[in-house]
Amino acid sequence: MSAVAASSVERLTSVQADLERRRIRTRWALVAPALVIIGIFGIVPLLIILVYSFLVAGGYGGVEWKFTTDAYVSFLFERDIFDGTFKFVTDYLEIFWRSIWLALLTTGVCLLLGFPTAYFMATRPASQRNYWVFLITLPFWTNLLIRTYAIMLILRDEGLVNDLLLRFGLADKPVHLLYTNFAIILGLLYSFLPFMVLPLYSSLEKLDFRLVEAGFDLYATRRKVLWRIIIPLAKPGIIAGCLLVFIPALGAYITPLILGGGGELMIGNLIALQFGTSRNWPFGAAQALILMAAVMLALMVYVRSSSDRSRGLHG
């Protein structure tokens, strides 16, 4: 009897193992197309850029297949043409810093404007929420280039803003708004505000507003309800929205090019210049990798600090 039972258990174990292997093969078969696409269009181009960053720039574009680290050295140092010594330069660091603070400022303003907007949408009746989501996503129906040109027409010296200022006597002459950092931030804000609103709305829509009512019942002020209940519960949406705004704003190209006029460069414009006008592909590849490494480092630090705080709360 024990031998029969052992044989049945063994057959059952074998069947379960076979089913598990089939499940694993099915999962890999389902995910394989996505992995192939990511590999071909994501990883392979990054590997090409990595290789190019260690090569010599060709005379008329392209690369020469000679290993060198000059592209990375040129980011921080400049060789003297007379004695061949290197001196530290901050030109590219200043462009990177300008890009970072413009992206941070854009993210902060998007959060300040996007949070109340998302809260308003989440507190509407269920029958009206899709209508508000439609209005938020409506700008995506128009190409970004056209929308950026529209902002340029509004901000130029003969544009709508200056016409109104002159008509109401608020200015004696046209105010120079175009080709400034203000114009760039306004363009980035207009471009990326929906990327902040939608994740926030997704988090706030799931919020149990009975907790808000309970806070008021316990005599909490509006500020305490906001900081102690609403914001902590909306934290996933806040984090997602900030990442979705900051990272693309950091590498924005069209908005700084049109609204900055080429005088206020950002990282995206600098990299494009290396591949275009300067024809220095290795230097452009090195700058792109430096930007990616900086973003990844910041994300790793944030994830590490978040996990440490979580362990501290639950520990």
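Read the figures in this text as sums done on the coordinates, not as results from a lab. The shown structure was predicted, so the numbers you read here are calculated from the model rather than taken from an experiment. Ideal geometry is used to build each Cβ from the backbone, glycine not excepted, and the neighbour counts take in all protein chains shown.
In a DSSP loop and with at most 16 other Cβ atoms within 10 Å, the trypsin sites (Lys or Arg not before Pro) in the range 106-209 are Lys206.
Distances between every pair of Cα atoms in the range 50-189, grouped in 10 Å steps from 0 to the bin holding the largest one, split as 9, 19, 23, 22, 15, 9, 2, 0 percent.
Across the alpha-carbon set of the range 91-278, the Rg to Rh ratio works out to 1.06, Rh being the Kirkwood radius. When the chain is treated as a GNM, springs tying every alpha-carbon pair under 10 Å, which of Gly260, Gly268, Gly61 comes out with the largest mean-square fluctuation? Its mean-square fluctuation being the largest, the pick is Gly61. Among Ala29, Ala103, Ala122, the residue with the largest mean-square fluctuation in a Gaussian network model of the chain, with springs joining Cα atoms closer than 10 Å, is Ala29.
Multiplying the sequence separation of Leu233 and Glu64 by 0.36 nm and subtracting their Cα-Cα distance, what value in nm do you get?
Stretched out fully, the Leu233 to Glu64 stretch lengthens by 55.5 nm.
Return the whole-Å distance between the Cα centroid of the range 222-290 and the Cα centroid of the range 140-196. Between the Cα centre of the range 222-290 and that of the range 140-196, the gap is 19 Å. Largest mean-square fluctuation among Leu289, Leu270, Leu76, in a Gaussian network model of the chain whose springs join Cα atoms under 10 Å apart, belongs to Leu76. Looking at the range 9-83, which trypsin sites (Lys or Arg not before Pro) are in a loop (DSSP not H, G, I, E or B) and have at most 14 other Cβ atoms within 10 Å? Sites meeting the loop and neighbour criteria: Lys66.
Extension gain, Gln16 to Arg222, is 68.6 nm, computed as 0.36 nm per intervening residue step minus the present C-alpha separation. Once both labels are positioned 7 Å from their Cα atoms along Cα-to-Cβ, the gap between Val36 and Glu158 label points is 5.5 nm.
For the chain, what does the relative contact order come out to in percent, with C-alpha contacts under 8 Å and a separation of six or more?
24 percent.
Assuming a ≥ b ≥ c are the square roots of the Cα gyration tensor eigenvalues, decide whether the range 167-306 counts as rounded (a/c under 1.5), prolate (otherwise, with a/b larger than b/c) or oblate. Since a/c reaches 1.5 but b/c is at least a/b, the shape of the range 167-306 is classed as oblate. When all alpha carbon pairs of the chain are counted in 20 Å bins from zero, the resulting P(r) reads 21, 45, 27, 7, 1, 0 %.
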